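Asks: Sharing a structure, written as structure tokens. Questions coming.
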Amino acid sequence: MEEIMRRVIFIALLCVFPLLGARRVMVCEDFTATWCTYCPGAARGLEELDEVAFDSVVVIAYHSSSSDPFYNQYSASRASYYGITGYPTVRLDGNYSIVGGLHTGTMYPAYRAYFDNRRNYESPANISLFLSYDSITRDGNLNIKIRNELSTSLSAQLHVALTESHIYYPWQGMDSLHSVLRLMLPDAQGEPINIPGGDSINRNRNFTLPGGIVDRNCEIIVFLQDNSTREILAGSRIALIGKPKVEFLRYSPSSIPQRGDTSDLTIYLGNYGSKDLANVRARLYSPVSYLQIIRDEANFGAIPIGGIAQSSSPYTINIQTGAPDTLVNLKLLVQSDDYTDSLTFPFLITERIGFSDDVESGTGGWRHYGINDNWRITTAQSHSPTHSWFSSYVNECDGYLVSPYFILGSPEISFWHRYATELDYDYVFFDVSAGNRWQNLEYWTGNSGGWVDQVYSLPSLVGTTMRIRFRFVSDYNVTDEGWFVDDIICGPSGLAEEKREERVLPRLMRAISPSAEMEIYSSEGRRVKDGVRKLSPGIYFLRLGKEKRMEKVVIIP
């Protein structure tokens with residue numbers, strides 16, 4: 001009999017990666033070429049890691065082949081320093097090498113796995129950057145302050161690199177190049193430095209940006225490297241011309257929004273750009289008449305690079321009684337002293353709270369897509385009773401299975417799955433999204449050893465419109481069975497939960513005070529009435545007062 005495992009993970013969904021005291025910024029050096037068939041997979045993987053990890057990763061792409069149109073001597077010197085013999089080769093913090101790539105797929109899982117381990121190790125130094133740049137003369141000055149966090153002296157080689165992104169250049173099925181090395185200051189050899197324990201040093205780099213390079217797409221990357229071990233000890237970056245980028249992260253309602261109700265929404269925004277923001281404010285708009293915005297403005301204050309801010313006061317909305325079941329894209333006009341942007345986020349109007357699927361009734365609003373996507377419903381394996389979602393194996397796949405939108409009614413999200421993949425090369429991911437940015441909760445590689453029950457507690461998302469997704473990523477060779485997913489339950493679940501015997505431990509309710517303030521939902525997730533008079537025996541989900549937490553109960557005669 002197969003072993004069954006169950007575990008619960010509690011997640012606070014505010015930031016992708018929490019900031020540490022002496023935070024590690026991993027430097028990713030990609031030795032690549034535009035003629036290289038397998039280099040696109042490395043480029044895709046590093047672009048995704050850079051987006052997900054944000055200010056905890058920097059990327060430098062060295063076009064070190066003399067036949068590459070983006071070749072320069074700086075790149076060739078770095079390739080010689082490492083003894084690079086093939087493309088793509090990616091050096092992660094200098095002393096860890098991943099050789100090889102993919103043409104149509106992505107190397108993201110391999111880079112992500114190393115990053116997740118590496119970021120647990122604090123850096124021995126902090127690097128602070130201060131830049132002045134004249135966009136007319138294209139002259140700049142970079143001030144570098146390096147603090148040794150150790151009690152002993154620190155010796156290393158100081159390197160300064162200037163990169164350019166968003167270069168339109170069709171290559172190997174892709175249309176752009178990113179993080180391309182353009183300059184090293186003063187050269188590729190860098191400068192040897194020594195910093196006493198607990199002390200700091202300052203260095204300056206003056207430069208003139210050559211013609212043909214778009215300054216608004218440039219960054220300067222600074223890193224310290226141990227020449228004897230090749231380990232990069234610390235890294236940092238700064239944009240030549242900083243640009244803020246505000247993203248909607250999620251909203252938190254005072255109560256689950258329902259027809260005829262008024263609800264307060266606290267909204268969370270993040271700055272994923274390259275410039276701090278001050279005095280941020282935002283106005284909320286509804287595109288439909290049956291969802292009214294009663295309180296439409298709020299302040300967010302300052303949002304630094306990588307920072308998250310919540311509205312200082314909640315927005316207030318009202319859903320009219322006759323509103324249809326529909327997904328509304330609410331609009332948020334974000335402004336600061338020198339920044340304006342328009343954001344949208346999903347808001348679901350429905351009486352059905354939560355989401356469950358035992359995969360016995362067809363696709364049910366799920367959609368799947370991606371590179372060599374192979375998701376489908378199968379009877380080959382299932383947890384209960386006869387069907388499950390399945391991604392079979394093909395090489396170089398990056399396939400997504402995405403749920404319909406739903407409102408999370410209680411913190412717990414769970415599903416059963418079994419997987420068999422090539423260990424450390426092929427990975428499966430579980431992600432959630434309460435807006436436009438996806439956050440990974442966990443990923444796996446190898447063999448699960450049978451069906452496993454995954455359980456996550458997401459209290460910060462209760463009452464929020466959200467989605468979940470399952471992602472299967474494989475490399476260029478070696479296949480296995482694949483990934484099966486079944487019995488997915490989010491919030492107050494549907495009938496599928498009744499089949500999970502270890503969870504059917506209801507509170508037996510013989511009498512409840514008729515004056516109790518509560519919301520009652522059927523096992524299908526629909527709100528059936530307020531109060532408890534004349535309820536038929538059965539399974540219900542109750543929310544007491546204004547609490548976000550829900551309890552499953554059974555009413556018996």
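Asks: D341: touching a residue at least 40 places away in the same chain (Cβ under 8 Å), closer than 30 Å to G45 by Cβ and touching a helix residue (DSSP H, G or I) at 6+ places or on another chain (Cβ under 9 Å), yes or no?
Replies: no
Asks: Within region 165-197, take every residue that is free of Cβ contacts under 8 Å to residues at least 24 places away in the same chain and hydroxyl-bearing (S, T, Y) and give me the one that is surrounded by the most Cβ atoms within 10 Å (Cβ to Cβ).
Replies: Among those residues, the one meeting the criterion is S176.
Asks: Name the one entry in G101, G105 that is more than 17 Å from R24 (Cα to Cα), within 22 Å of the chain's Cα centre (by Cα), modelled with pLDDT of 95 or more and in a loop (DSSP other than H, G, I, E, B).
Replies: After ruling out the rest, the residue left standing is G105.
Asks: Next question. Regarding I221, is this residue β-branched (V, I, T), outside the structural domain of S313 (by TED's automatic domain parsing) and assigned to a strand (DSSP E or B)?
Replies: Taking the combined requirement at face value, the residue satisfies it.
Asks: Output the residues belonging to region 387-410 that are under 20 Å from the mean Cα position of the chain (by Cα), buried (at least 20 other Cβ atoms within 10 Å of the Cβ) and part of a loop (DSSP other than H, G, I, E, B).
Replies: C397, S403, L408
Asks: Looking only at region 338-355, count every residue that is at pLDDT 95 or above and over 25 Å from G322 (Cα atoms) and tell me the total.
Replies: The total comes to 5.
Asks: I would also like to ask the following. With the requirement that a residue be surrounded by fewer than 20 Cβ atoms within 10 Å (Cβ to Cβ) and not charged (D, E, K, R), what does region 240-251 give you?
Replies: Across region 240-251, the qualifying residues are I241, G242.
Asks: Looking only at strands (runs of 3 or more DSSP E) that fall completely inside region 286-360, which ones have 1 or more residues that are of a type in the set (S, T, Y) and surrounded by fewer than 16 Cβ atoms within 10 Å (Cβ to Cβ)?
Replies: 326-336, 339-349
Asks: So, in region 255-280, of the ones that are outside any loop (DSSP other than H, G, I, E, B) and surrounded by fewer than 16 Cβ atoms within 10 Å (Cβ to Cβ), which residue ends up farthest from the chain's Cα centre (by Cα)?
Replies: Selected residue: T262.
Asks: If you go through region 137-159 one residue at a time, do you hit one that is within 27 Å of the chain's Cα centre (by Cα) and charged (D, E, K, R)?
Replies: no
Yes or no, residue by residue, for (1) crowded, with 23+ Cβ neighbours inside 10 Å; (2) without any contact (Cβ under 8 Å) to a residue 40 or more places away in the chain; (3) not polar (S, T, N, Q):
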residue	(1), (2), (3)
L46	yes, no, yes
I60	yes, no, yes
S66	no, yes, no
N72	no, no, no
S75	yes, no, no
G86	no, yes, yes
V90	yes, no, yes
D93	yes, no, yes
G100	no, no, yes
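Asks: Can you pull out every residue in region 226-254 that is within 23 Å of the chain's Cα centre (by Cα) and either modelled with pLDDT under 95 or more than 26 Å from L158 (Cα to Cα) (or both)?
Replies: If the condition is that a residue be within 23 Å of the chain's Cα centre (by Cα) and either modelled with pLDDT under 95 or more than 26 Å from L158 (Cα to Cα) (or both), then K243, P244, K245, V246, E247, F248, L249, R250, Y251, S252, P253 are the ones that fit.
The values are calculated or read from the model by the stated rules, or taken from the named source; none is laboratory data. Small disclaimer: the values here were computed from a predicted structure and weren't measured. With ideal geometry, Cβ positions are generated from the backbone for all residues, glycine too; neighbour counts draw on all protein chains shown.
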